[in-house]
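Working notes for the structure below.
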Amino acid sequence: MIQAVADEEERSVLGMHYTSVPNILKVLNPLFLDDLRTELEAAGDNARKLANLRARMAKIRVFDPACGSGNFLVIAYKEMRALEYEINKRRGEPLRRTDIPLTNYRGIELRDFSAEIARLALIIAEYQCDVTYRGQKEALAEFLPLNAQNWITCGNALRLDWLSVCPPTGTGVKFQADDLFMSPLDQAQIDFANEGGETYICGNPPYKGGTEQEPSQKDDMRSLFDGEFPTWKSLDYILGFFLKARRYLDFTEASAAFVTTNSVCQGEQVFRFWPSIINQSVRINFAVTSFKWQNLAARNAGVTVCIVGFSRKPGQAKLFDGMEGNVREVENINAYLVPYRDVYVQNATRPLQGLSPVVNGSKPADGGGLIFNSEIAASLRSKAGHRTDVIRPFFGAHDATHGVGRYCLWMNDQDYAALREIPEFKERFDIVAEMRQKSEKELTKAGASSPYLFQQVRQTGDEIVFQIPRHSSEEREFYPVATLPRGAIVGDGGFAFFDPPLWNIATMASRLCLVWIAAVCGKIKTDYRFSNTLGWNTFPVPKLTEKNRADLTAAAEGILLAREAHFPATIADLYDPEKMPANLRAAHDHNDEVLERIYIGRRFRNDTERLEKLFEMYTKMTTKVPA
């Protein structure tokens, strides 16, 4: 009720984000509730087994270190009470007083108001359960006066000692905190008799990328990661909670599961962080792959997340498909949330499988002197005489995808000698020279003497060019590859093939390549993020015959011809999933058919199967075979 009436902005600031029950249960069910239900089913009407299960449940601790206003704790408590009531009914004790103490449902919350709401929410949940299972008279007798104890700790979860907030044995809470965070007076110590009980850590901690963190959050991360993780500054803030939970597991047989931005299971964060988590028998024992997590948080509706659960528990792992909802039991789930052994894809400086290189575009570093619009291009052409070819089409990060472009100067020493005294050209060169002279970078400053050249040149200017954007919408079913006119110049905001064999375009435009890019390159917000060293150079390709290459070349030609039939539609138009032309979709489908049959002799059933095969091939191609 308090969440419903609070102002949306205030609710977000206070951490009062209402999360749907089905989403919360995606965490709690596989974490521990499903196991309890299985044991209840196995117990049947056996009074002794039922009593043992009830005693077990009474000692279970649920701990949310970023509890906000207590949604996870409340739902966990209510689900446990429902199970306990079923036990009591089967034993002929339906009105029995609960054995489940609220003090076993522990949380940490940074803001004091939200922490108080969490404690109140649990008290109300207890009252509601008592009304439902014991009757209103008994419920009121237990409800008032309100318990003065506070088992929700107000403080910074990345600075507090979790073992003190939620001790693994029956000792009380001995609150320890950083000097910056003080405890409310009524939080001194709470005893609870649960020796030998289980602890389940859960929640939806805050997500903040490395460049989005506030100075205080950077300090939190430094206190945890500095020393052990050399590249910690690029890690997402939520990984601090994963690391704290992993260290908690060093002292007790707990299990943990967090809702997390799916970027922590993609891209460079995987090999920079996860090898320190998945080791010494700690493993991912369940996961839910990417899905939309919607709540009432301001600016947080529809964020793409996954769920990662880890512990020391042996046995089969469970992998839930976040979009389709099905579940598989597998031997292992790796940090990419793929049912394959633990493997970490590292950057490669060149393609490992004989693919043509994809390189960054050329960097102008020009202050706007070398790049200009069509009007300036027309004026310069009129002054250039027979050297009009020094004015080239220029394509930045998204220009080719969206059907726009600019122009640039692209010339050699002889061209410069002939054109530098023409006022219109001299004006452009002066802009470049002035910008470079003022730069603090020595490399840029050195380029002031050659203001007609791009600072970094990665093409001759005479090639057939295919541009690959650095980012692409997650809505697209294929990673876009744009065809540029011969002689076009690609800026450093994107990547490009120069004079590639067309079978490489068939590979790049495939569903297989897209799922690999999504898994190992990661995303920026929800968009795909391409990396040539991480995504393309590592892409596994089987040994191809001449016929394979010919078939893929024909498939690529089919895609390019289908696009051409819709000229002047842009790449953005053509690859809008709701507007994609039928002939282009058919051409891509044929391309996938040809490529996937080369891999396994048939089409893959789904993206998970695609990734399993790709990780298997990556492992083989990067494993040194003894002589």
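Data for the structure
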{"read-out": "Selection from region 599-627 of residues that are surrounded by 17 or more Cβ atoms within 10 Å (Cβ to Cβ) and either assigned to a helix (DSSP H, G or I) or in contact with a strand residue (DSSP E or B) (Cβ under 9 Å, 6 or more places away or on another chain) (or both)", "value": "Tyr599, Asp607, Thr608, Arg610, Leu611, Lys613, Leu614, Phe615, Tyr618"}
{"read-out": "Subset of region 199-240 that is more than 21 Å from Ile524 (Cα to Cα) and hydrophobic (A, V, I, L, M, F, W, C) - its residue that is surrounded by the fewest Cβ atoms within 10 Å (Cβ to Cβ)", "value": "Phe229"}
{"read-out": "Pairs with Cβ under 6 Å, 6+ apart, first in region 352-368 and closer than 27 Å to Ser450 by Cβ, second in a strand (DSSP E or B) and polar (S, T, N, Q)", "value": "Ser362/Gln456; Lys363/Gln456"}
{"read-out": "Ala572 aliphatic (A, V, I, L, M), surrounded by fewer than 17 Cβ atoms within 10 Å (Cβ to Cβ) and in the same structural domain as Ala496 (by TED's automatic domain parsing)", "value": "no"}
{"read-out": "Cβ pairs under 8 Å, 6+ apart, first in region 481-505 and acidic (Asp, Glu), second surrounded by fewer than 21 Cβ atoms within 10 Å (Cβ to Cβ)", "value": "Asp492/Asn360; Asp492/Lys363; Asp492/Gln456; Asp499/Glu463; Asp499/Ile464"}
{"read-out": "Qualifying residue in region 405-414 (condition: among the aliphatic types (A, V, I, L, M) and crowded, with 18+ Cβ neighbours inside 10 Å)", "value": "yes"}
{"read-out": "Single residue of Pro568, Pro542, Pro577 found to be part of a loop (DSSP other than H, G, I, E, B) and under 24 Å from the mean Cα position of the chain (by Cα)", "value": "Pro577"}
{"read-out": "Any hit, region 584-595, residues being farther than 27 Å from Ile464 by Cβ, at pLDDT 95 or above and not aromatic (Phe, Trp, Tyr)", "value": "no"}
{"read-out": "Any chance Gly354 is surrounded by 15 or more Cβ atoms within 10 Å (Cβ to Cβ) and closer than 30 Å to Asn537 by Cα", "value": "no"}
{"read-out": "Leading residue by the ranking (nearest to Ala572 (Cα to Cα)) among those in region 449-477 that are among the hydrophobic types (A, V, I, L, M, F, W, C) and surrounded by fewer than 19 Cβ atoms within 10 Å (Cβ to Cβ)", "value": "Ile464"}
{"read-out": "Residues within region 197-231 that are small (Gly, Ala, Ser) and within 15 Å of Trp162 (Cβ to Cβ), tallied", "value": "2"}
{"read-out": "Residue, modelled with the lowest pLDDT, within region 209-234, restricted to residues that are among the small types (Gly, Ala, Ser) and in a helix (DSSP H, G or I)", "value": "Ser234"}
{"read-out": "Cβ pairs under 8 Å, 6+ apart, first in region 266-294 and outside the structural domain of Cys521 (by TED's automatic domain parsing), second part of a helix (DSSP H, G or I) and of a type in the set (Ser, Thr, Tyr)", "value": "Glu268/Ser234; Gln269/Ser234; Gln269/Ser263; Arg272/Ser234; Thr289/Thr608"}
{"read-out": "Members of region 357-366 that are farther than 30 Å from Thr622 by Cα and surrounded by fewer than 18 Cβ atoms within 10 Å (Cβ to Cβ)", "value": "Lys363"}
{"read-out": "Residue within region 483-503 that is in contact with a helix residue (DSSP H, G or I) (Cβ under 9 Å, 6 or more places away or on another chain), farther than 24 Å from Thr553 by Cα and of a type in the set (Gly, Ala, Ser) present", "value": "no"}
{"read-out": "Some residue of region 138-150 being in a loop (DSSP other than H, G, I, E, B) and either touching a strand residue (DSSP E or B) at 6+ places or on another chain (Cβ under 7 Å) or at pLDDT 75 or above (or both)", "value": "no"}
{"read-out": "Test: Ser382 is polar (S, T, N, Q), over 30 Å from Ile505 (Cα atoms) and surrounded by fewer than 21 Cβ atoms within 10 Å (Cβ to Cβ)", "value": "yes"}
{"read-out": "Strands (runs of 3 or more DSSP E) contained entirely in region 477-535, each with at least 1 residues that are among the aromatic types (Phe, Trp, Tyr) and closer than 23 Å to Asp389 by Cβ", "value": "494-498"}
{"read-out": "Selected residue (only one of Ala562, Ala572 is of a type in the set (A, V, I, L, M) and modelled with pLDDT of 95 or more)", "value": "Ala562"}
{"read-out": "Residues of region 296-310 satisfying the condition of being over 14 Å from the mean Cα position of the chain (by Cα) and either at pLDDT 95 or above or surrounded by 22 or more Cβ atoms within 10 Å (Cβ to Cβ) (or both)", "value": "Gly309, Phe310"}
{"read-out": "Any hit, region 417-427, residues being buried (at least 17 other Cβ atoms within 10 Å of the Cβ), of a type outside the set (S, T, N, Q) and either over 18 Å from Ser450 (Cβ atoms) or touching a Pro at 6+ places or on another chain (Cβ under 9 Å) (or both)", "value": "no"}
{"read-out": "Looking only at region 16-56, and only at residues there that are under 27 Å from Ile117 (Cβ atoms) and either charged (D, E, K, R) or part of a loop (DSSP other than H, G, I, E, B) (or both), the one that is modelled with the lowest pLDDT", "value": "Met16"}
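The rows are residues; the columns are (1) modelled with pLDDT of 95 or more; (2) outside any loop (DSSP other than H, G, I, E, B).
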{"site": "Asp236", "(1), (2)": "no, no"}
{"site": "Gly240", "(1), (2)": "yes, yes"}
{"site": "Lys244", "(1), (2)": "yes, yes"}
{"site": "Phe251", "(1), (2)": "no, no"}
{"site": "Ala257", "(1), (2)": "yes, yes"}
{"site": "Thr260", "(1), (2)": "no, yes"}
{"site": "Val264", "(1), (2)": "no, yes"}
{"site": "Phe271", "(1), (2)": "no, yes"}
{"site": "Ser281", "(1), (2)": "no, no"}
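The values are calculated or read from the model by the stated rules, or taken from the named source; none is laboratory data. Not measured: the values here are computed from a predicted model. Note that we place each Cβ from the backbone using ideal geometry, even for glycine, and neighbour counts take in every protein chain shown.
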